[in-house]
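J.: Quick one: this structure, given as structure tokens, is what I'll be asking you about.
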Amino acid sequence: MRDSRYLRPLLSVVGVAAVMVLGFYLWTFFRAGGSSAPPPRPDLAQEPSYLVAADAHGVVVLDAQHQAYRGVSRDGATSWTSTRAFADGDTLVCARRCPRAVASGGLDALNGIGTPTVTPIPLGGLSATFPAAFKTTVAAIDEHGSVLVQADTAGAAWVLNGQEKTTTGTAQVAVVPSSGGQRLIVGDLPSGETVLRALTPVEDGWHLGPQHTGKGFFGCAGTGDRLAYQDATGVLVAHSGSSRHVSSMTDAGECSFTSTGLVIAQFTAGGTGTTSVLETTDSHGTPRWHQKMSGEARVSGNPTTDEFVATDGKTARVFTLAGHLKRAIKNVRHAVYLPSGHLVVLDTDGTVRWL
């Protein structure tokens, strides 16, 4: 990934078992507007915590201040902590149910085609083994098996979905989670383009969608086989074999689908702090709402309604796609939706709540 050597482990896009919200955590990259210009190295001691995985049973928190990932169960107890996974810049996915998880990939391997990935690390009492390869990133794992993105020393790459092997363009990948339960695998090509594939949970495992070519490590997947990504002229939504532009944003940082549309966030760092621009559309690309906000407004769509939550690190605000404010929850660092439509929040004091 070009310029990712400047990024902290927060950039590893972290998948989840059931919630898969927020993508991705190319966060410093997004702060620079998603552009290819390298952002400055942040002071980790000043960085907040984020939810990177959640379901009805627990969560995984990225705790930048303590430079660790930690798994928290529904009763609030911390079941595991990993400073190694944070230091390696690993991708984390919950295993069957949170907070059990596996860390894999690693920032060095994402940066270099000739660098092997770290050995996958089971966390929270998970017992799992994976076929050996020069590069291995675990994109999903459940009771039916796992989905791995792998490569050999010659650079040949593939997706191993259970026993089904599909050739892909690269194994230098990140995994973008989705509030509806889907995941987006985004890979970096030597040409500077990216390749994207959606993973959709099905009754007996995961369905791997067709490959799309885009620009930048940006995108999200949604219910109904919807997929959003970026090209040189804006943001597209692909569905049923066709794609259409839904936004003119060319430096989008994060997106999330609701049941009826899409919310897109763009982040820009300036001398007075970070600002966000939020834009919403319906599923056909019709613009609904456009708003500039102060702070870093992380977004997560409710997959059961047309609402989404935007969190600036202090307050979580629930809007409709038309921009109507439905609810404001103070003292919230971060919030994500589950596929059920329930909201999980990380309070500014570190408490996790299921609402």
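The values are calculated or read from the model by the stated rules, or taken from the named source; none is laboratory data. Owing to the predicted nature of the structure, the values given are computational and were not obtained by experimental measurement. Reconstructed Cβ throughout: ideal geometry from the backbone, glycine too, with neighbour counts over all protein chains shown.
A quick yes/no check of all residues on (1) under 18 Å from the mean Cα position of the chain (by Cα); (2) farther than 22 Å from Val52 by Cα; (3) among the basic types (Lys, Arg):
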residue: Cys255; (1), (2), (3): yes, no, no
residue: Ser259; (1), (2), (3): no, no, no
residue: Ser294; (1), (2), (3): no, yes, no
residue: Val299; (1), (2), (3): yes, no, no
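J.: Would you say Arg183 is buried (at least 18 other Cβ atoms within 10 Å of the Cβ), farther than 24 Å from Ile113 by Cα and among the charged types (D, E, K, R)?
T.: no
J.: Can you find a residue that is crowded, with 17+ Cβ neighbours inside 10 Å and within 17 Å of the chain's Cα centre (by Cα) anywhere in the range 243-251?
T.: Checked the range 243-251: at least one residue is crowded, with 17+ Cβ neighbours inside 10 Å and within 17 Å of the chain's Cα centre (by Cα).
J.: Can you find a residue that is among the acidic types (Asp, Glu) and within 18 Å of His245 (Cα to Cα) anywhere in the range 203-224?
T.: For the range 203-224, residues among the acidic types (Asp, Glu) and within 18 Å of His245 (Cα to Cα): absent.
J.: Now, a different point. Could you list, ordered by first residue, the pairs with Cβ atoms under 9 Å in which the first is in the range 239-268 and more than 19 Å from Arg288 (Cβ to Cβ) and in contact (Cβ under 8 Å) with a residue 60 or more places away in the chain and the second is among the β-branched types (Val, Ile, Thr) and part of a loop (DSSP other than H, G, I, E, B), at least 6 apart or interchain?
T.: Nothing qualifies.
J.: In addition: Which count do you get for residues in the range 90-115 that are more than 19 Å from His144 (Cα to Cα), at pLDDT 90 or above and outside any strand (DSSP E or B)?
T.: Selection size over the range 90-115: 1.
J.: For the range 302-319, name all the residues that are more than 18 Å from Arg353 (Cα to Cα) and either assigned to a strand (DSSP E or B) or of a type in the set (S, T, N, Q) (or both).
T.: Scanning the range 302-319 gives Thr304, Thr305, Glu307, Phe319.
J.: Could you name every one of the strands (runs of 3 or more DSSP E) located completely within the range 152-237 that has at least 3 residues being farther than 21 Å from Asp55 by Cβ?
T.: It comes to 157-161, 164-168, 183-188, 194-202, 212-214, 226-231.
J.: Here's something else I'd like to know. Whether any residue in the range 274-295 is in contact with a helix residue (DSSP H, G or I) (Cβ under 9 Å, 6 or more places away or on another chain), under 25 Å from Val352 (Cβ atoms) and in contact (Cβ under 8 Å) with a residue 12 or more places away in the chain is what I want to check.
T.: Scanning the range 274-295, I find at least one residue that is in contact with a helix residue (DSSP H, G or I) (Cβ under 9 Å, 6 or more places away or on another chain), under 25 Å from Val352 (Cβ atoms) and in contact (Cβ under 8 Å) with a residue 12 or more places away in the chain, so the answer is yes.
J.: Looking for something in contact with a Leu (Cβ under 9 Å, 6 or more places away or on another chain) and part of a strand (DSSP E or B) - is there at least one such residue anywhere in the range 124-131?
T.: no
J.: Suppose we keep only residues that are out of contact with any Phe, Trp or Tyr (no Cβ under 7 Å at 6 or more places or on another chain) and touching a residue at least 40 places away in the same chain (Cβ under 8 Å) within the range 225-238. Which one would you say is farthest from Leu208 (Cα to Cα)?
T.: The qualifying residue farthest from Leu208 (Cα to Cα) is Val237.
J.: Return the residue satisfying two criteria in turn: it lies in the range 189-213 and is loosely packed, with under 12 Cβ neighbours inside 10 Å and free of Cβ contacts under 8 Å to residues at least 12 places away in the same chain, and of such residues it is farthest from Leu236 (Cα to Cα).
T.: The selected residue is Glu203.
J.: Tally time: how many residues in the range 121-136 are modelled with pLDDT of 90 or more and over 21 Å from Ala154 (Cα atoms)?
T.: Matching residues across the range 121-136 total 4.
J.: List the pairs whose first member sits in the range 124-144 and is touching a residue at least 24 places away in the same chain (Cβ under 8 Å) and at positive phi, whose second member is surrounded by 11 or more Cβ atoms within 10 Å (Cβ to Cβ) and assigned to a loop (DSSP other than H, G, I, E, B), and whose Cβ atoms are under 8 Å apart, counting only residues at least 6 apart or on separate chains?
T.: So the pair list comes out as Gly124/Ala95; Gly124/Pro99; Gly124/Arg100; Gly125/Arg100.
Here is a yes/no grid of residues against (1) modelled with pLDDT of 95 or more; (2) out of contact with any Pro (no Cβ under 9 Å at 6 or more places or on another chain):
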| site | (1), (2) |
| --- | --- |
| Thr274 | no, yes |
| Lys314 | no, yes |
| Asn331 | yes, yes |
| Tyr337 | yes, no |
| Trp354 | yes, yes |
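J.: For residues that are crowded, with 22+ Cβ neighbours inside 10 Å and polar (S, T, N, Q), tally how many sit in the range 282-308.
T.: Going through the range 282-308 one residue at a time, the tally reaches 2.
J.: Restricting the search to the range 225-260, which residues are at positive phi and either of a type in the set (A, V, I, L, M) or in contact with a strand residue (DSSP E or B) (Cβ under 7 Å, 6 or more places away or on another chain) (or both)?
T.: Correct list: Asp225, Gly234.
J.: Looking at the range 296-318, which of its residues are touching a residue at least 40 places away in the same chain (Cβ under 8 Å) and touching a Lys or Arg at 6+ places or on another chain (Cβ under 7 Å)?
T.: Across the range 296-318, the qualifying residues are Glu307, Ala310, Gly313.
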